[in-house]
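First comes the structure, then the notes that go with it.
The values are calculated or read from the model by the stated rules, or taken from the named source; none is laboratory data. Values in this document were obtained by computation on a predicted structure and should not be read as measured data. With ideal geometry, Cβ positions are generated from the backbone for all residues, glycine too; neighbour counts draw on all protein chains shown.
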Amino acid sequence: MSLKQQIDNDIKKAMLAKQKEELEALRSIKSMILLAETDKSASGEISGDAENKILMKAAKQRKESADIFQQQNRQDLAEKELFQLEVISRYLPKQLSEEEIASKVKEIIAQVGAKGPQDMGKVMGAATKALSGQADGKVISELVKRLLTA
């Protein structure tokens, strides 16, 4: 079952259960997918990888918005964003722990033959491709930087 079909089914369940907040979050995900499908460069259907990128982008936006709202003491808005983040996270692939990311980055450093910070671009290119959808780019970047300078 595609992500779009799964979200459609979950929208129906949320409507029947009268879960207003969840319904709002699911509809926002669906609208992002529909926008991607109707984009001029898209051919109608989008791949699973593209769906994951959409979800990662949405999750990142919600997390950043929640952080901003918390800094501004708007807990009500922050809670709404965090709830939407929780709903989006259900559809994301399992995120790797920092230790798992570090071990994969070490493997990539060995494969690429990186010697120091000057090789960060090579390592980041391979690492972001290998860990796509499983880890946040900031975390990967910090680990690569730390491991290359060590």
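Would you check which residues across the range 112-121 are without any contact (Cβ under 8 Å) to a residue 24 or more places away in the chain and assigned to a loop (DSSP other than H, G, I, E, B) and list them? It would help to see each step written out before you state the result.
Start the filter on the range 112-121 by keeping residues that are without any contact (Cβ under 8 Å) to a residue 24 or more places away in the chain, which leaves 112-113, 115, 118, 121.
Result: 113, 115.
Given the criterion hydrophobic (A, V, I, L, M, F, W, C), in contact with a helix residue (DSSP H, G or I) (Cβ under 8 Å, 6 or more places away or on another chain), more than 24 Å from residue 9 (Cα to Cα) and assigned to a helix (DSSP H, G or I), identify the matching residue among 88, 109.
None of the other options fit; the residue is 109.
Checking the condition touching an Asp or Glu at 6+ places or on another chain (Cβ under 9 Å), under 24 Å from residue 131 (Cβ atoms) and of a type outside the set (D, E, K, R), which residue from 54, 33 passes?
Numbers: 54 fails: touching an Asp or Glu at 6+ places or on another chain (Cβ under 9 Å).
Exactly one residue qualifies, and that residue is 33.
List the residue pairs whose Cβ atoms are under 6 Å apart, where the first residue sits in the range 1-13 and is surrounded by 13 or more Cβ atoms within 10 Å (Cβ to Cβ), the second is in a helix (DSSP H, G or I), and the two are 6 or more positions apart or on different chains.
3/51; 4/33; 7/26; 7/29; 7/30; 10/26; 11/26
Is it the case that the range 61-68 has a residue that's surrounded by fewer than 17 Cβ atoms within 10 Å (Cβ to Cβ) and small (Gly, Ala, Ser)?
Scanning the range 61-68, I find no residue that is surrounded by fewer than 17 Cβ atoms within 10 Å (Cβ to Cβ) and small (Gly, Ala, Ser), so the answer is no.
Looking for something under 26 Å from residue 2 (Cβ atoms), β-branched (Val, Ile, Thr) and not assigned by TED's automatic domain parsing to the domain that holds residue 137 - is there at least one such residue anywhere in the range 58-73?
Among the residues of the range 58-73, not one is under 26 Å from residue 2 (Cβ atoms), β-branched (Val, Ile, Thr) and not assigned by TED's automatic domain parsing to the domain that holds residue 137, which makes the answer no.
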